Amino acid sequence: MQNTSNHHIDYNELINICIHTAFDAGNEIMYFYQSGYDVETKSDNSPLTSADKAANAVIVEALKKTGIPILSEEEKAIPFETRKSWEYLWIVDPLDGTKEFIKHNDEFTVNIALIHNGTPVLGVVYCPPLRTFYFGSTLHGAYKAVVGKDAKVDAGKLTASATKLPVQQPQRKFKVVASRSHMNAETADYIEKLKKLHGEIALISKGSSLKLCEVAEGSADIYPRFAPTSEWDTAAAHAVVKAAGGEVIDPATNHPLHYNKADILNPWFIVKGKK
């Protein structure tokens, strides 16, 4: 696929494309969610459903038209030698939270991120069962919007009626969001340290990239993740967190997570909201 260094990148247009694309992929996912699906096991022992595949096909077809190359969890691996010259690329997880999807707890998302030279600059996260969008860019800030029961989404109307993030919160306990599936000793130790700093804290569990979105929204203060993730798990929500004035930091280096690396696994990270 071609490199896009000579292309004019219109963030408004790309956010609209991503909103429509995520919504269409979400409709595919909901079809399987309601009517049943097949589950395979991938080489890393993670589950893959027919919903992941159907959503991926919708997203890849739509994003190809932008001329920007795509790195998707469900596409075949693209060698770093090819990827390293890409100034811009899409990083996609067509169904983040497949385990949550299988458990039927509504906590799964469609993640689409635009990366520029390793930094997430635009992201759309859509939770199909809750019909909720989180989206943002470094140019326009971050937003949350809920779609009505319509069969289609109008990106223009959606962005016009969206709520700017973070949302002002009433006085409350310090809130930590944690993974539903990956609580471990390191995370428990870190939470103990936060208790010493902040006194009594509230702990909330969520699946998928909704954890990062909770921090972007301001409904949680911090999300420590001391367990494996891949770039497509975080890229879109990282863009939203960043657009909302927060950051996703590697605690070992104190630098933000970097994308389109030779190894697509993320280091451990901490998500902090706007100060």
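Annotations for the structure displayed:
Yes/no matrix, rows are residues, columns are (1) over 25 Å from residue 263 (Cβ atoms); (2) modelled with pLDDT under 95; (3) touching an Asp or Glu at 6+ places or on another chain (Cβ under 6 Å); (4) among the polar types (S, T, N, Q):
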| position | (1), (2), (3), (4) |
| --- | --- |
| 109 | no, no, yes, yes |
| 121 | no, no, no, no |
| 142 | yes, no, no, no |
| 158 | yes, yes, no, no |
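- Enumerated strands (runs of 3 or more DSSP E) restricted to the range 151-225, each holding at least 1 residues that are out of contact with any Phe, Trp or Tyr (no Cβ under 7 Å at 6 or more places or on another chain) and small (Gly, Ala, Ser): 174-179, 201-206
- Cross-chain or 6+ apart pairs with Cβ under 8 Å, the range 101-127 first and charged (D, E, K, R), then at pLDDT below 95: 106/100; 107/97; 107/100; 107/180; 107/206; 107/207; 107/208
- Residues that are at pLDDT 95 or above and not β-branched (Val, Ile, Thr), drawn from the range 206-218: 209, 210, 211, 212, 213, 214, 216, 217, 218
- Members of the range 139-150 found to be more than 16 Å from the chain's Cα centre (by Cα), among the hydrophobic types (A, V, I, L, M, F, W, C) and either closer than 20 Å to residue 246 by Cβ or in a loop (DSSP other than H, G, I, E, B) (or both), listed by number: 139, 147
- In the range 1-43, the residue that is farthest from residue 146 (Cα to Cα) out of those that are of a type in the set (A, V, I, L, M) and modelled with pLDDT of 95 or more is 14.
The values are calculated or read from the model by the stated rules, or taken from the named source; none is laboratory data. Just so it is clear, the structure is predicted and the values come from calculations on it, not from any experiment. No Cβ is skipped: glycine too gets one built from the backbone with ideal geometry, and neighbour counts run over all protein chains shown.
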